[in-house]
Amino acid sequence: MSTNANNANAGTDPYENFRALLQKNVSFPCHYTFKFIVKVDDQKHDQILAVFDGKHAQITENNSSQGKYRSFSVVVPVKDEEEVIDYYKQVSRIESVIML
């Protein structure tokens, strides 16, 4: 099913606004901080760590007070806004991850 509204948005990049914000507010190259929250699950934990494996990332993990959720703060060197967006795209493939 296709509508005119869907067709109008079909060619747009969903990261366009975020890219512009990064270009305006961040001086690249830099160390960029990513923050994620996920329900405690060893598989999801391992998937998030795999995205940043070998990338010289500093990863801090904390469990919620009830122990149901785990937060990740990931500081990793990036060369430009496209690398930041690529990391977000990779993590977005992991089910139920909240990206802050």
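A few remarks follow.
- Proximal charge balance of Lys24 [Cβ under 14 Å; K/R count +1, D/E count -1]: -2
- Net +/- balance of residues flanking His45 in space, Cβ distance below 9 Å, scoring K and R +1, D and E -1: -2
- Accessible-area composition of the chain, carbon plus sulfur, in percent [1.4 Å probe]: 47 percent
- Residues in the chain average 69 Å² of solvent-accessible surface per residue, probe 1.4 Å, ligands and nucleic acids excluded.
- Each other residue within a Cβ distance under 12 Å of Ser73 adds +1 if Lys or Arg and -1 if Asp or Glu, for a net charge of +1.
- Links that overshoot a 19 Å alpha carbon limit, given the list Lys39/Lys79; Lys24/Lys55; Lys44/Lys68: Lys39/Lys79; Lys24/Lys55
- For the chain, the longest principal axis of the Cα atoms and the long axis of helix 81-92 meet at an angle of about 70 degrees.
- Rounded to 0.05, the FRET efficiency of the Phe18 and Arg93 pair, given R0 = 25 Å and the Cβ-Cβ distance, is 0.90.
- Once the chain from Lys55 to Lys39 is taken as fully extended at 0.36 nm per residue, the excess over their C-alpha distance is 3.4 nm.
- Placing a pseudo-label 7 Å from each Cα along the Cα-to-Cβ vector at Glu82 and Tyr69 gives an inter-label distance of 3.4 nm.
- Globularity index of the chain is 1.25 (Cα radius of gyration / 2.2 N^0.38 Å, N = number of residues).
The values are calculated or read from the model by the stated rules, or taken from the named source; none is laboratory data. Just so we're clear, the structure is a prediction, and the values are computed from it rather than from any experiment. Cβ: placed from backbone, ideal geometry, glycine included. Neighbour counts: every protein chain shown. Side chains included, ligands, DNA and RNA excluded: accessible areas come from the protein's heavy atoms. Shrake-Rupley method; radii C 1.70, N 1.55, O 1.52, S 1.80 Å.
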